Every structure is written in C-alpha cells, then in structure tokens.
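Computed from the coordinates by the stated procedures, all read-outs in this text should not be read as laboratory data. Keep in mind the model is a prediction, meaning the values are calculated, not measured. Positions of Cβ are backbone-derived with ideal geometry, glycine not excepted, and every protein chain shown enters the neighbour counts.
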Amino acid sequence: MLKSKQFAGIIPVVDYKLCGLDVSDQQVKREDLYNAGKELIDAFSAVGFVYLTNNGVDSSLLQEIRDVTDRFFNLEVALKERYTSKKSIFGYIGLNKENLEKAKPDDFKEAFRIDGTVFKHPEKLPEDICPGFRNLSLKFMTICSRLTERILDSISMAMDFKEEDSLNKCHNLLQTEINSSLLRLNYYAPVDQNILKPGSVRLGAHRDLGTVTLLFQDNVGGLQVEHNGKYVDVPPLQNAILLNAGDALHSISGGLIMSKKHRVVVPQEEVKQRLTRHSYAFFADPDDDVMINPPSIQNDETTNEASLKDLPNSMTFKQLCTNWYSKTRAPK
Ligand SMILES: O=C(O)CCC(=O)C(=O)O
C-alpha cells in the first residue's frame, strides 16, 4: 500500500523539505532521513519512480544550465563535434547518433555526457566555444552528488541495512575517475517531420544501470514509464526532481526496488512538436569495484538490455558498465 498522499499521474510525490539541500549536514535529522527513505522505497517498489519536492536545488541554477545548454546546442554541428570522443563516453552525441532501443530508429536527440574524470580534466568541457559551460556544469554535478548522498542515506536507513551508510560506502568515489556516475545534458530539438524516420522516438526505451537517477525535466512532456505492461505518461511537475531507481539498486535491494523501463516519445500535438525539450539526468553509479549481481529482472528482447543476459552471477560494477556501454550505448 503506497503511503504517499500526492501523485503526479501515477508517480508518487515525496516532500523532502526536512532532508533537502536547504538543511545542512549538521542539522539534518536521522529520523527525517529514515521517514523520507521509507516513502522513497515504497514508491520505488511500486512504480520505480518518485517525484522529490522541496529538494533544495535552486531553480535559478537550473535556468542558468538551460541557458548555457541552449547556447551550446545551437552552435554549428562541426564545432560541437570537436567534443565528441571516439574513445570514451564523454562529450557530445549528435542527432541520431545513439540508439537505446534496437527495435527503433536512432534516438532523435542530442546530448552532452560528463563523467567524474572532468574534475581532473576540466579542459574536456567546451569552454572555448561556450563560455560559462565549465563552471556551471561542475557546480551542477557537485550539487547533484551532494543530494544523491542524502538520498542514499535515506534509502540505506530505511532498508534497515546493517550499516546505515552502507549505500554511501558503495559511492565513496563520486566525482573521481573510478566511479562512472554521469551527468547527461539532453537536448531534444523541435521535431522536423521531413527528417524524422517512421517509428522514431526522442529516446528509446531503456532501464538505468546504476543506483538512482536524478532527472530534471522541463514542462514539455513526453517521458513515459512502463507500468503493468503499458507505457504511462510521467507528467512534468514544476520544481520537483524525478528520481528513478536503476538496475544496481534493484540488485542491492534484493529485488524489492524496481528498475523500470522508460522512454521519451515525440508528442502527438503539432504545437508541442515545435518545442525544444530539455532534460538533465544525473546517473549515480556505485564505485567501479563494488560487486553486483547482474540484474535478475526481465530480459526484454525489444531493448538493448537483452544483451546483458549472458553475464556471470557476480561482477564488479565496472565490468557491468563496460558490457552495457559496449553493447548498448556506444556512440556511432
Ligand atoms: O529526457 C528524459 O526525460 C529522460 C532522460 C533519460 O532517461 C536518459 O537520459 O537516460
């Protein structure tokens, strides 16, 4: 039975006022983290997604991120492609250059991916062609990491693990090169029906691989989650962060927490198709050497995760991640 009293569509809403970033580390109470954690687990085990309100992330920072990403994505393709890496997952991904759902045409979106290596190598960011990008993205990643730590504490306490900070102990190395957590700045340009292939989606159906994802989306809509065998809209909720659980958390929780497939579809209404959609996803991953049992959840042949089915029973998160990227997300 879900405890949450508020919902956006089918997504439970949890008020994080007593635990959000407005409350200092010294002031935040164990009991409040525990209570919020119970609500998060409740939502994660029912629908895999939950909205977090009063999270303490400043809306003016989100506006600045939006302005800077608009400036970047509006640059000429040749300039943006200077920041595409052939060797790593870092950097710019162009339109139709990634495919998260093998049964569909390539994703109709652009993105910029930033991982923890950036704290040692900020020169990997496109500051020369987009001034302001570097400081803002580093600041945003740091804020997302701090909030993630709170959320992991909430979940660990409420899961009644032996050690209350056990999830955070699996994420000791956030913001370093030996933890694959990632900020992905997504940019969904207005849909051009002349170049859109039949059956295209903005982002193909997939599950996330890590522990929790913090998703900041604008009010355009299009995100859907699979629930009881059908895709259901996840309506945007102003000033709320959408959290979803990934495969690693599903595995660590012994299957209690659900890692759900989700996708972003092209809106039906023409007026909405003419809008640009923005979303920023911070994927929190366990440290590279944390041992994980590969997800026991459904191997759905329509998605790229089907390729994870031949993995051994236990492996490091890095091995799981390498497998995932080599088979599912390699930039073309
Ligand atoms: O843009 C969205 O709303 C979803 C983003 C997402 O699922 C992803 O970047 O993996």
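Figures for the structure shown
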| item | result |
| --- | --- |
| Residue satisfying condition, being within 23 Å of residue 214 (Cα to Cα) and touching a Lys or Arg at 6+ places or on another chain (Cβ under 9 Å), within set 53, 69, 84 | 53 |
| Qualifying residues in region 164-212 (those that are β-branched (Val, Ile, Thr) and more than 29 Å from residue 119 (Cα to Cα)) - the one surrounded by the fewest Cβ atoms within 10 Å (Cβ to Cβ) | 195 |
| Number of positions in region 237-257 that are closer than 21 Å to residue 15 by Cβ and more than 9 Å from the ligand (Cβ to nearest atom) | 8 |
| Within region 206-230, considering residues that are without any contact (Cβ under 8 Å) to a residue 40 or more places away in the chain and more than 13 Å from the ligand (Cβ to nearest atom), the one nearest to residue 42 (Cα to Cα) | 228 |
| Inter-residue pairs, beta-carbon under 6 Å, first of a type in the set (Phe, Trp, Tyr) and in region 93-111, second more than 12 Å from the ligand (Cβ to nearest atom), 6+ apart | 108/200 |
| Candidates 197, 272, 260, filtered to the one that is in contact with a Pro (Cβ under 6 Å, 6 or more places away or on another chain) and either in a loop (DSSP other than H, G, I, E, B) or not aromatic (Phe, Trp, Tyr) (or both) | 197 |
| When residues of region 241-257 are limited to those that are touching a residue at least 60 places away in the same chain (Cβ under 8 Å) and surrounded by fewer than 22 Cβ atoms within 10 Å (Cβ to Cβ), the one farthest from residue 167 (Cα to Cα) | 256 |
